[in-house]
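What follows is one structure encoded as structure tokens, with my remarks underneath.
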Ligand code: FPP
């Protein structure tokens with residue numbers, strides 16, 4: 001079975017799951033974190049090289065203060081409790097997003113986890129935190145413009161590869177498979193540039209109900225997809241494309 005090198009997940013539906021149980025939305029985020037933990041380990045054990053989880057978007061800052069604080073607390077607690085386990089599982093942790101907005105105790109925990117797992121060579125786990133793709137692309141354009149203004153680069157030097165290497169996701173490869181739970185079928189400002197040729201997998205399952213079997217279903221569906229990257233598949237290039 002062909003395995004994606006990079007899986008990205010939009011973990012959606014925590015709030016609705018909690019509401020169905022007549023519990024506060026924050027209860028859904030707590031359950032969602034437990035599920036994230038299981039899925040991280042499952043991806044690692046299946047030999048996936050990169051996993052990006054959309055944990056908090058730039059738009060999520062506009063949620064009620066109580067929910068935002070709880071999400072920040074959950075993230076800090078997750079990193080404090082799980083870093084040792086990440087090291088044991090040989091998982092390297094990093095983040096993308098606007099760290100300037102993240103509370104100091106959370107950014108300290110992030111820095112500590114990144115440092116502690118820097119030597120790990122297995123799964124690369126990325127949390128997209130305070131992340132918005134348009135903001136990321138805007139920052140990239142600004143950075144390149146400044147290099148042109150400083151005479152370091154000529155406008156003709158700007159190509160896809162330069163943009164790629166200036167994005168915050170570099171050098172992680174583009175996601176091969178993007179999973180979104182809870183029945184919503186949109187990207188919500190997630191990896192817009194990087195998703196140019198991603199395969200999408202949408203499931204009605206709410207994130208707190210997502211299991212390893214659901215992950216395997218998504219991986220199986222991915223292995224059946226024909227990825228043509230805009231080209232025509234002929235017998236000659238079929239092998240080339242699958243590499
Ligand atoms: C979307 O569900 C989920 C979020 C905005 C937060 C996702 C965060 C977690 C699962 C916790 C992350 C923690 C770790 C350690 C990765 P929603 O609240 O938008 O649900 P709804 O659409 O049903 O309202």
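The values are calculated or read from the model by the stated rules, or taken from the named source; none is laboratory data. Fair warning: this is a prediction, and the values are worked out from it, not measured in the lab. Cβ: placed from backbone, ideal geometry, glycine included. Neighbour counts: every protein chain shown.
Here residue 54 fulfils each of the conditions (1) within 20 Å of the chain's Cα centre (by Cα); (2) closer than 23 Å to residue 41 by Cβ; (3) within 11 Å of the ligand (Cβ to nearest atom); (4) without any contact (Cβ under 8 Å) to a residue 60 or more places away in the chain apart from (4). Residues that are closer than 21 Å to residue 184 by Cα and exposed (fewer than 13 other Cβ atoms within 10 Å of the Cβ) within region 194-235 comprise 196, 197, 204, 213, 220, listed in sequence order.
All told, residue 122 falls short of being assigned to a loop (DSSP other than H, G, I, E, B) and under 30 Å from residue 21 (Cβ atoms). Pick out the one residue from 30, 39 that is within 14 Å of the chain's Cα centre (by Cα), assigned to a helix (DSSP H, G or I), closer than 21 Å to residue 181 by Cα and near the ligand (Cβ under 10 Å from one of its atoms). The match here is 39. Looking only at region 223-242, decide whether some residue is within 22 Å of residue 124 (Cα to Cα), at pLDDT 95 or above and more than 16 Å from the ligand (Cβ to nearest atom). Checked region 223-242: at least one residue is within 22 Å of residue 124 (Cα to Cα), at pLDDT 95 or above and more than 16 Å from the ligand (Cβ to nearest atom).
Quick one: would you say residue 117 is surrounded by fewer than 20 Cβ atoms within 10 Å (Cβ to Cβ), in contact with a helix residue (DSSP H, G or I) (Cβ under 6 Å, 6 or more places away or on another chain) and closer than 22 Å to residue 42 by Cβ? For residue 117, the condition - surrounded by fewer than 20 Cβ atoms within 10 Å (Cβ to Cβ), in contact with a helix residue (DSSP H, G or I) (Cβ under 6 Å, 6 or more places away or on another chain) and closer than 22 Å to residue 42 by Cβ - is not met. I'd like to check something: does region 179-189 contain any residue that is out of contact with any strand residue (DSSP E or B) (no Cβ under 9 Å at 6 or more places or on another chain) and in contact (Cβ under 8 Å) with a residue 12 or more places away in the chain? No, the conditions are met nowhere in region 179-189. Determine, yes or no, whether residue 66 is closer than 25 Å to residue 182 by Cβ, surrounded by fewer than 22 Cβ atoms within 10 Å (Cβ to Cβ) and within 12 Å of the ligand (Cβ to nearest atom). Taking the combined requirement at face value, the residue does not satisfy it. Entry remark, region 13-58: residues being farther than 23 Å from residue 83 by Cα, surrounded by 22 or more Cβ atoms within 10 Å (Cβ to Cβ) and touching a strand residue (DSSP E or B) at 6+ places or on another chain (Cβ under 7 Å) number 0 in total. Exactly one residue among 174, 216 is away from the ligand (no atom under 16 Å from the Cβ) and not in a loop (DSSP other than H, G, I, E, B), and that residue is 216.
Is it the case that some residue within region 77-85 is away from the ligand (no atom under 13 Å from the Cβ) and either modelled with pLDDT under 95 or part of a helix (DSSP H, G or I) (or both)? Checked region 77-85: at least one residue is away from the ligand (no atom under 13 Å from the Cβ) and either modelled with pLDDT under 95 or part of a helix (DSSP H, G or I) (or both). Report whether or not residue 22 is more than 7 Å from the ligand (Cβ to nearest atom) and free of Cβ contacts under 8 Å to residues at least 40 places away in the same chain. For residue 22, the condition - more than 7 Å from the ligand (Cβ to nearest atom) and free of Cβ contacts under 8 Å to residues at least 40 places away in the same chain - is met.
Somewhere in region 113-133, is a residue over 24 Å from residue 210 (Cα atoms), within 12 Å of the ligand (Cβ to nearest atom) and either touching a strand residue (DSSP E or B) at 6+ places or on another chain (Cβ under 6 Å) or in contact (Cβ under 8 Å) with a residue 12 or more places away in the chain (or both)? Looking through region 113-133, at least one residue is over 24 Å from residue 210 (Cα atoms), within 12 Å of the ligand (Cβ to nearest atom) and either touching a strand residue (DSSP E or B) at 6+ places or on another chain (Cβ under 6 Å) or in contact (Cβ under 8 Å) with a residue 12 or more places away in the chain (or both).
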